[in-house]
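Below is one structure, written out as structure tokens; comments come after it.
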Amino acid sequence: MTNTVEIYSDLLVVLGTAGIVVPALRRWDVSPILSYLAAGAVLGPLGLGSQIANFPFLYWFTVVNPDSVKELGELGVVFLLFLIGLELSIKRLVTMRRLVFGLGGLQVLLTGLLLSGVAIAAGAEPASAAIIGLSLSLSSTAIVIELLASQGRLTTTAGRLSFSVLLAQDLAAIAIIVFISILGSGGGDSLLVSIGVALFKAAIAIGAIVLFGRFLLRPMFHLVATAGSTELFIAAALFVIIGAGLLAHQAGLSMALGAFVIALMLAETAYGKAIEAAINPFKGLLLGVFFFTVGMKIDFREFVREPVWLISVVVGLIAIKTLILAGLARAFRVPWRAALETGMLLGPGGEFAFVSIGLASELHLLPGPIASLTLAATAVTMALTPLLSSAAKRLLPKPPGPAAKDQNLTLQSSAGDRHAIVVGHGRVGKVVTSLLTQHGVKFVAIDQDAAGVARDRRAGRLVFFGDASDPKVLDVIGLRQATGIIITINARKTIDRIVEHIRAARPEVLIVSRARDEDHARRLYAVGVTDAVPETIEASLQLSEAALVGLGVPTGLTIASIHQKRDEFRHALQQAATQAGCDEIHAIKAKTTIHS
């Protein structure tokens, strides 16, 4: 029972940070990442938690056992990489291979060698120096990617470079863990053989994930989507993410890398946007837990014990990695501003150092004081990442034109200025999208009919599965970037909800909606549609047009009269909607006056 209370108490501290501390600090424009890191440092076992013996009441306000929330935090990184994978595709990733294996591979190698040399010069043993150098050569995937994503900069040159290098670092982490394990076991096996075996296991795991994604994901999500249950859809998404992560973990890879690979498979299906909308809320909270756990590793006592060494390691690490990354980026013909910005973003250490250095410490490859100092310095540099990002944006000269966007990373739904969202892809929706295509207007269509979406995808049409009445789904299909929304479904209540959500998020955007009848059209005009098309009126106008032409009235005169009649109907409906709105306001005022 005591352990259970301890776990719940620790979780309450983290949830309280997410629900109270972070929102309070955001009022002073403090980054949520910094808020979580600071809260973890203060409320963790190395902060106020170390004073529980003297002040027992602190038990309820601090995290006693870091393991209580560690696994939840790691899931945050898994979900983050999964969502990044959904925004990419295998084709786009292939175009980045030069940066991943070229620039990223060289960065890990050169940074590891140079940092190892510095550690040897400082008095470390060669094996310990190699572990320190390789561990510190890696950066924080979670912090950097979350920063870039929240600022909408993943598709810039610096964003693309950062992501490519981080992906290479995640792959390099496999070899680093193998290297430390061999050193700890006494090196009985050949280093090359051990690394080869590890890479072979990793290849099998990734191959299994790819095969599952290629042949089973579509049928599985089609089956779940036809059930029409949001809960089952979320359960299936969590099953795929965590299952792929565990398979990768068993092969010596990171769970995040496994989730990233399965996401690349899902990005090719119609269900990616619906899954993204379902997973996003989990990602935000779990990432906050992760940043909190990183903050818990900041040991303030190191500032007292070895202040000069700590500051030297922090400044030296950021400076060395920034210069190496910027130099390599320039060698790959990257503009100076993007090269320096990438260097400053990836200059701090990363979460992998806590894994590798912790393992090396357990295997007695690193002395305790050195391991503690290195981890404290790593945590401090990670906490400085948001500040370095802000400094890079403020200090580096801005390019003369608009920031460059890498089209290989840009979401298809936001491509182009004339971008529309078509809600519903049935018979009416297909006519609308065919005309949009004919006139060169880019669009994204969304529909809840899983079978219909599957058929349309096989026919090469850009249609996604999802419920447009869910604001999260509207957001992930590009509502913020869209210049127009066309609603073609015929479910009255659903249309009303969609229009209300759109108007709340985008008061100025064009909305053209199908309406059931005149009453429904008046209601839609009242809630803010730009244009409503009642089925009954349009049917009568088309019948009239066909009859007039058939009875001998000239075609031009007939078309003109039909257009005039349509405008009269539209004007009358809009006036009726406006009058109804005014009457409602007067009724509310009268009711308020009577009650008062």
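The values are calculated or read from the model by the stated rules, or taken from the named source; none is laboratory data. Computed from a prediction, not measured in an experiment: that's the story for all the values here. All Cβ positions, glycine included, derive from the backbone under ideal geometry; neighbour counts span all protein chains shown.
Summary table below
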quantity	calculated
Residue among ALA227, ALA203, ALA235, ALA263 that is outside the structural domain of ILE477 (by TED's automatic domain parsing) and crowded, with 18+ Cβ neighbours inside 10 Å	ALA263
Candidate set: the range 462-481, residues that are of a type outside the set (D, E, K, R) and closer than 21 Å to THR530 by Cα; chosen: the one surrounded by the fewest Cβ atoms within 10 Å (Cβ to Cβ)	GLN481
Number of the exception - GLY349 against (1) part of a helix (DSSP H, G or I); (2) touching a residue at least 60 places away in the same chain (Cβ under 8 Å); (3) in contact with a helix residue (DSSP H, G or I) (Cβ under 6 Å, 6 or more places away or on another chain); (4) not hydroxyl-bearing (Ser, Thr, Tyr)	(1)
THR322 part of a helix (DSSP H, G or I), hydroxyl-bearing (Ser, Thr, Tyr) and more than 18 Å from ASP170 (Cβ to Cβ)	yes
Test: SER162 is part of a helix (DSSP H, G or I), hydroxyl-bearing (Ser, Thr, Tyr) and within 17 Å of the chain's Cα centre (by Cα)	yes
Counted residues, the range 39-96 - those being in contact with a helix residue (DSSP H, G or I) (Cβ under 7 Å, 6 or more places away or on another chain) and basic (Lys, Arg)	1
Subset of the range 100-132 (residues that are within 30 Å of LYS283 (Cα to Cα) and more than 21 Å from the chain's Cα centre (by Cα))	PHE101, LEU103, GLY104, GLY105, GLN107, VAL108
Cβ pairs under 7 Å, 6+ apart, first in the range 461-474 and closer than 13 Å to ASN280 by Cβ and free of Cβ contacts under 8 Å to residues at least 40 places away in the same chain, second buried (at least 18 other Cβ atoms within 10 Å of the Cβ) and not hydroxyl-bearing (Ser, Thr, Tyr)	PRO471/HIS501
Among the candidates ALA149, ALA119, residue that is surrounded by fewer than 24 Cβ atoms within 10 Å (Cβ to Cβ), in a helix (DSSP H, G or I) and at pLDDT 85 or above	ALA119
Hits in the range 1-50 (condition: in a helix (DSSP H, G or I), of a type in the set (Gly, Ala, Ser) and either surrounded by fewer than 18 Cβ atoms within 10 Å (Cβ to Cβ) or modelled with pLDDT under 80 (or both))	SER9, GLY16, GLY19, ALA24, SER50
Any chance LEU58 is in the same structural domain as ILE131 (by TED's automatic domain parsing) and in a helix (DSSP H, G or I)	no
The one condition in (1) part of a helix (DSSP H, G or I); (2) more than 24 Å from the chain's Cα centre (by Cα); (3) within 30 Å of PHE82 (Cα to Cα) that ILE298 fails to fulfil	(1)
Some residue of the range 277-290 being under 30 Å from ALA18 (Cβ atoms), part of a helix (DSSP H, G or I), polar (S, T, N, Q) and in contact with a Lys or Arg (Cβ under 7 Å, 6 or more places away or on another chain)	yes
Residues of the range 482-495 classified as crowded, with 17+ Cβ neighbours inside 10 Å and either without any contact (Cβ under 8 Å) to a residue 12 or more places away in the chain or out of contact with any Leu (no Cβ under 6 Å at 6 or more places or on another chain) (or both), total	8
SER312 being more than 30 Å from GLN151 (Cβ to Cβ), in the same structural domain as SER116 (by TED's automatic domain parsing), in a helix (DSSP H, G or I) and more than 23 Å from the chain's Cα centre (by Cα)	yes
Of the criteria (1) under 30 Å from LEU75 (Cβ atoms); (2) out of contact with any Ser or Thr (no Cβ under 8 Å at 6 or more places or on another chain); (3) at pLDDT 85 or above, which one PHE332 fails	(1)
First in the range 332-343 and in contact (Cβ under 8 Å) with a residue 40 or more places away in the chain and among the charged types (D, E, K, R), second anywhere and assigned to a helix (DSSP H, G or I) and buried (at least 24 other Cβ atoms within 10 Å of the Cβ), Cβ under 7 Å, 6 or more apart	GLU341/ALA158
First in the range 529-543 and more than 19 Å from ILE511 (Cα to Cα), second anywhere and exposed (fewer than 14 other Cβ atoms within 10 Å of the Cβ), Cβ under 6 Å, 6 or more apart	THR536/ASP517
Only one of VAL77, VAL30, VAL42 that is over 16 Å from LEU12 (Cα atoms), out of contact with any Pro (no Cβ under 7 Å at 6 or more places or on another chain) and in the same structural domain as THR4 (by TED's automatic domain parsing)	VAL30
Condition broken by ALA244, with the remaining ones in (1) part of a loop (DSSP other than H, G, I, E, B); (2) modelled with pLDDT of 85 or more satisfied	(1)
